[in-house]
Structure formats: structure tokens, C-alpha cells
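One structure below.
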Amino acid sequence: MTKVLKSVLIVLFALAASANLLKASDELAVADTASAKKFNTGELIFGHIRDSYEWHITSFGHTHLSIPLPVIVYSSQSGMHVFMSGKFHHGTEEFNGFKIATEGKYAAKVVEIMADGTEVRPWDFSITKNVTSLFISIFILLTIFLSIAKRYRENFDKAPKGIQSWIEPLVIFIRDDIAKPSIGNDRYQKYLPYLLTIFFFIFLNNLMGLVPLFPGGANLTGNISITLVLALFTFVITSFSGSRNYWVHMVNDPGIPLWLKLPLPLMPIVEIMGVFIKPFVLTIRLFANITAGHIVALGFYSLIFIFSEKSLVAGYGISVISITFTVFMGILELLVAFIQAYVFTLLSALYIGMALETHESHA
Amino acid sequence: MGLVMPEFGLFFWMLVSFSILLWILKRFAWGPILKALSDRENLIIEALKSAENAKEEMKRLQSGNEKILKEAVLEREKIVKEARDLKESIIRDAKHEAGIEANKVMESARVTIERERVAAISDIKSLIANFSVEIAGKILEEKLADESLQKELVQNYIDKINLN
């Protein structure tokens, strides 16, 4: 009975929430009729998943509530500039010869306006939403792990407690089920700190990306710059720990027939391409998975607004389906958050393991 | 497409801050955590091993105890048996000794009695002789009145004495 009551309440709450959203969008629609601006799904979604110079929290009609973040740009013409993004007034105004481009190649990026009216992109070291989120996640990771390490150092022989008992199974899982089988029992220790760090970094940021409110919601691991850096770390570690055998096998694998190597070095080309494809794939996989999750969830929400533009009743109707699917997506994304962190760590470990392989273990 | 193009600023911050994160965690978190984990695992393995050893030891002790107990029982039986044997032999010896002693006492008593008897007889003999002499003297005094009778009498007595 209580179960039924609970589910009825949830549906009612969802309807009420969507009603509020509809009201807001109606106001927006009324306000925007002058400019005949329609609801733009693409803009909404990309506005959410891409980086930004301010941390937008919510909007009431035309009042935007957001946290301004520092803009740090270096221009070859006018040198270094440091100011808060609030100076742009949510991208509507210029400041000091800089503005946030509204269209073109540099849309939503800070550009410098030249004397002849063209827009030039400066070196941009701004503490953007993603950089802020990065700092917050690093702060959280350091807080958690340094406090845990203190407890481990003081009484290692006690059973884990508190957050330690959440982290410990994951640490043991990464050590026993990722590092040991992929790298080998005798050499995994050297790479374990890196694997643990990327796992917890990706996992935490995936989860933070799912939380819609500050300090979450920045879609950090769904940003290709972040995943590229992570993949580069794996690439550098793999290349620097590669055994002689790894490089010899790459250019001259004794197990491959000669005609694949001699007149035209077919296999060596494929192998060497593989060295670069591996980190590239790591980059794309994490980025695409996390971004896709965000796009799908936002797409379901956008359905409400798209339908309510046609008819208000259809909007209410579709909101039930949309919210159900978004909740489902949210649960799925929780799983994806873990799986992607696991996959990235596992593949990094496998690549390191492959690079370490000696002739004996290969046979 | 802005979405798939890496952004230089974010790339830079990520590279710097992730390197620092990695270094700090490696130095101050993973080191102690992993060491503690393996220490704890070793501790548990050791504890299990020592528990196993203790069990083995216990078993060994128990079987040792049983052996000792068995030996003790055997020892006790032996001692009891020895004691019983000893007792019997002591009793037997004592009986034997006592028999010998008794025989000795009897023998000496018999010897003494014999000697006493012989002495008594000789005493009696001498007393009888004295009495006889006295009686004879008295009779003689009475009978001497008649000489022939006296003679006959004396003769008679003397004969009779000789018969003894």
C-alpha cells in the first residue's frame, strides 16, 4: 500500500516539477516572442555539456544566477589580462577589447576584437567551469585519500571504518583484478599508484557530472581535453616502460611471416599506428560515453519543451515519460560512471602490461 | 566542432593539476594505504598460520599427554604390583623369621626346661637321699632296738634304693 502511495507521490511530484518548468518556459516563450526565438534543443544541450566561463546555477526569466569565474588570457597584442567573467554580463557585453564570441569558429569562447573588427583567439588560461570542477574534484580526492592514508598509517591492523570501508574494496579490486592480472604479479606495484589515481579521478568526476547542482554538473570527464591528458599519461607511461622486446616486436615480430614485413613493412606500420591509436581510443571512449549520457538525459528533458511548444497538454503528457526515462538514464549513468572508470583503468593496465612483456612470458 | 577539439587552457590546467594530484597521492596516500593493506594481509596470513601451528602443537601436546598418562598408569600399576610383592615378601620373610625365632626360643626353652628338670631331679634326688637318710636314721633309732630286725630292715631299704 505504502509502495503504491509512494509511486503516486513520485509521479505527482514529477508532474509538479515539470509544471514549474513549463511555466518558466512559457514565460520565456512570452518574453521571447518579440524576438521570435524558439526553444533550441541543440543550444540547450551543448550549453550544458560544453565548458563555460561562468558557473551557471539557475535562471529566473532573464535573471541569471551564476558564479563568475576568473578569465586569464594572454594576447600577443595586448599582453596578459586577468578579470572576472562577470564583466561580460553573461556574454552580452565586451570588456577591455575581449568578448565571448556568439557565433563562428570560436563560439562561446573568449576572443579579442582586433582594430579591423576580426576576432582573434588569445592564449586562454581561464579558470573555466571545468577547471574549477577539476580543482574541486582534486580537493575532494586529496581530502578523502590523505585522511584515509592517515588512518591506515596509524592503525593498519584494524578493520576499515567509515569512508575507508567504501574505498578499500575498490583499492583491492584494482590491485587484485586489474593490476595483478594485466601487468603481472612481480611488477604491478610500480604502476599501481597511477592506476588507482586515474580510477578514482575518473570515477569521482563521472559521479560529479551526474549531480546537476554545484559543485557537480560540470561534465569534466565528458570533455575531450581531460580525457586526452589522461590518455597521454597512459601513453607516456606505456612508452617509457616498454621493454626492448616490445619495441623489437613492433618493428620485427618473429611470429609474422616475412612477406608481411619485407618489401612493404605492412605489419610494422600497423603496429606503430597501434601505439598511437591506443591512447586515441582511450580519449574518445571516455569522452563519448560520458557526453552521450548527458546528451541523452538532456534530450529527454528537451522533449517536454518541444512538445509543450505545440500544445501544453502534450507537454504535460510527455513529461511523465521523459522523467521516467531520465531517472532510468540516471541509474544507467551511475553504472556507466563506474564501468568507464574501470575500462579506462583496465585498458591502461593492459597496455602497460603489453609493453612490459618479455620474450619468456610472451611464449 | 568545438566539442571534439581539445581546449588548450583546460588541457594545460589538467596536465598541471593531475600531475600534482598523482604525485601527492602517490607520495602521501597510495604508499601508506597499499603498504598498510599488504601489511594487514601478511598479518592475517601470519595469524592464520600461527593458529594452525598452535592447533598442531595442541594436538601434539594432547597426544603427548595421553602417552604420559598411559605411562603414568602403567607406572602406577607397576609400583602397586611391586609394593604388593614387597609386602608379600616382607610378610613371608617375617613369617619365616618369626618361625625361626620361635623355634629358637622353643629350643632354648626346651633346653632350659630340660636343664631345670635335670637339676630339679638331681635336687629331689639329693633331698630324697637326705630325707631317706633322716628317715632311715629315725627308723634306725626305733628299729635298733632289735638288732636282727635292724639288719633285715637296712638290707631291705638298701635294696629298695638300689631299685630306684
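Any read-out appearing in this document is the output of simple, stated calculations on the displayed coordinates, not a laboratory observation. Quick caveat, the model's predicted, so the values are computed rather than measured. Backbone-built Cβ (ideal geometry, glycine too); neighbour counts: all protein chains shown.
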With springs only between Cα atoms under 10 Å, which of B:102, B:51, B:136 fluctuates most in a Gaussian network model of chain B?
B:136
Can you give me the relative contact order of chain A as a percent, contacts being Cα pairs under 8 Å and 6 or more apart?
18
Percent relative contact order for the stretch A:180-334, counting Cα pairs under 8 Å at least six residues apart, stands at 22
Tell me, A:84, A:114 in order of fewest to most beta-carbon neighbours within 10 Å?
A:114, A:84
Taking the Cβ-Cβ separation of residue B:108 and residue B:62 as r and a Förster radius of 56 Å, what is the calculated FRET efficiency to the nearest 0.05?
0.25
Treating the Cα atoms of the stretch A:224-363 as identical point scatterers in vacuum, please give the log10 of the normalised Debye intensity I(q)/I(0) at q = 0.19 Å⁻¹, two decimals.
-1.06
Cα Rg, Dmax (largest Cα-Cα span) when computed across the stretch A:95-216, Å
21.6, 71
Rounded if a/c is under 1.5, else prolate if a/b is larger than b/c, else oblate: which is the stretch A:135-290, with a ≥ b ≥ c the root eigenvalues of its Cα gyration tensor?
oblate
Report P(r) for the stretch B:13-144: all Cα-Cα distances, bin width 5 Å, range 0 to the bin holding the largest distance, values in whole percent.
2, 7, 5, 5, 5, 4, 4, 4, 4, 4, 4, 4, 4, 3, 3, 3, 3, 3, 3, 3, 3, 2, 2, 2, 2, 2, 2, 1, 1, 1, 1, 1, 1, 1, 0, 0, 0
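Give a quick list of GluC sites (Glu not before Pro) in the stretch A:57-135 that DSSP marks as loop, anything other than H, G, I, E or B, with at most 15 other Cβ atoms within 10 Å. Could the numbers behind the result be given before it?
Values: sites: A:93, A:94, A:103, A:112, A:119; in loops: A:93, A:94, A:103.
Passing both the DSSP loop test and the Cβ count: A:93, A:94, A:103.
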Taking a cut-off of 38 Å, what percent of all Cα-Cα pairs in chain A are separated by more than that?
36
Students often forget the sequence filter, so: which lysines lie under 25 Å Cα-Cα from residue B:81 once same-chain residues fewer than 8 apart are removed?
B:67, B:70, B:95
How far apart, in nanometres, would the label points at residue B:130 and residue B:70 be if each is projected 7 angstrom from Cα along the Cα-to-Cβ direction?
8.9
Residue with peak Gaussian network fluctuation, chain B [Cα springs, cutoff 10 Å], from B:43, B:127, B:21:
B:21
May I have the extent of the alpha carbons of the stretch A:70-126 along their three principal axes, as whole Å values ordered from largest to smallest?
25, 24, 17
So which of A:109/A:129; A:129/A:310; A:129/A:190; A:158/B:35; A:158/A:190 end up more than 24 Å apart by C-alpha?
A:129/A:310; A:129/A:190; A:158/A:190
State log₁₀ I(q)/I(0) for the stretch B:95-164 at q = 0.22 Å⁻¹ as given by the Debye formula over alpha-carbon point scatterers of equal weight, solvent excluded.
-0.93
Using only alpha carbon pairs under 8 Å that are at least six residues apart, calculate the relative contact order of the stretch A:70-126 and give it in whole percent.
33
List A:196, A:303 from most exposed to least, where exposure is judged by having the fewest other Cβ atoms within 10 Å.
A:303, A:196
Cleavage-rule hits (trypsin sites (Lys or Arg not before Pro)) in the stretch A:173-221: DSSP loop, at most 16 neighbouring Cβ within 10 angstrom
A:187
